[in-house]
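J.: Structure incoming, see below.
The values are calculated or read from the model by the stated rules, or taken from the named source; none is laboratory data. All values reported here derive from a predicted model rather than from experimental measurement. Cβ placement follows ideal geometry from the backbone for every residue including glycine, while neighbour counts extend to all protein chains displayed. These area figures cover heavy atoms from the full protein model, side chains too; ligands, DNA and RNA do not enter into them. Shrake-Rupley method; radii C 1.70, N 1.55, O 1.52, S 1.80 Å.
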Amino acid sequence: YGFKRAAGFMDVVCYTGNQTAGATQAHNLGVAPEMMIVKQRKVGEARPWSIYHRGIDASAPEDYRISFTTGARVDDLGQWNDTAPTDSVFTLGDSTYVNNNNETYIAYLFATLAGVSKVGSYTGTGADLNVDCGFTAGARFILIKRSDSTGDWYVYDSARGIVAGNDPYF
């Protein structure tokens with residue numbers, strides 16, 4: 001899969017950590033990121049990816065992180081310093097996952113852009129499998145993770161078929 005940097009939709013930021021709570025990193029998204037995926041770039045480093053998502057908590061999503069694991073969300077001041085991202089910067093805590101002194105990181109930032117992308121969340125019912133993503137032509141890539149409990153990540157794409165029923169995923 002490939003994503004192209006584009007204002008209002010996706011940006012990539014490379015930065016060097018300073019282990020200072022409240023440090024900010026500039027970005028060129030032009031809107032507040034709704035999802036951020038951050039990883040230390042050091043080869044062989046075992047630290048997990050840190051993920052911010054505006055739908056992870058209705059009242060204060062900046063208080064939480066989730067990882068590319070099966071675990072649930074974690075309340076963690078050290079990731080985003082309990083500060084919501086803005087249209088020009090995102091704020092880091094002093095966690096080594098996102099801001100270790102003199103280590104390099106990469107951050108992928110995503111936002112909703114009408115007709116191009118949708119970053120959102122929904123509350124599952126256990127029965128209704130229809131989620132309106134707002135696309136008239138259908139979605140081509142969907143990434144889903146339950147945030148309030150353990151569970152796998154699911155990726156659906158148009159190459160494998162997104163129709164109805166038991167759609168293939170990986």
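J.: Quick check on the chain: helices-only [θ] at 222 nm, where DSSP H runs of length 4 and up contribute -39,500 (n - 2.57) each and the sum goes over total residues. Nearest 500, please.
T.: -500 deg cm²/dmol
J.: What percent does the relative contact order of the chain come to when contacts are Cα pairs within less than 8 Å and at least six residues apart?
T.: 26 percent
J.: Moving to a separate point now. Based on the Cβ-Cβ distance of L143 and S88, what FRET efficiency does E = 1/(1 + (r/R0)^6) give at R0 = 25 Å, to the nearest 0.05? Show your work: numbers first, answer last.
T.: Details: r = 25 Å, r/R0 = 1.02.
So the FRET efficiency works out to roughly 0.50.
J.: Evaluate region 65-109: find the radius of gyration of its Cα atoms, find its Kirkwood radius, and give the ratio Rg to Rh.
T.: On the way: Rg = 11.2 Å, Rh = 11.6 Å.
The Rg/Rh ratio comes out at 0.96.
J.: Also, quick follow-up: Which whole-number value in Å² is the accessible area per residue of the chain, probe 1.4 Å?
T.: Using a 1.4 Å probe on heavy atoms only, each residue of the chain averages 56 Å².
J.: Which three extents, in whole angstrom, do the alpha-carbon atoms of region 77-145 cover along their principal axes, largest first?
T.: In descending order, the Cα extents are 45, 28, 19 Å.
J.: So how do 13-24, 150-161 stack up, highest first, on mean other-Cβ count within 10 Å?
T.: 13-24, 150-161
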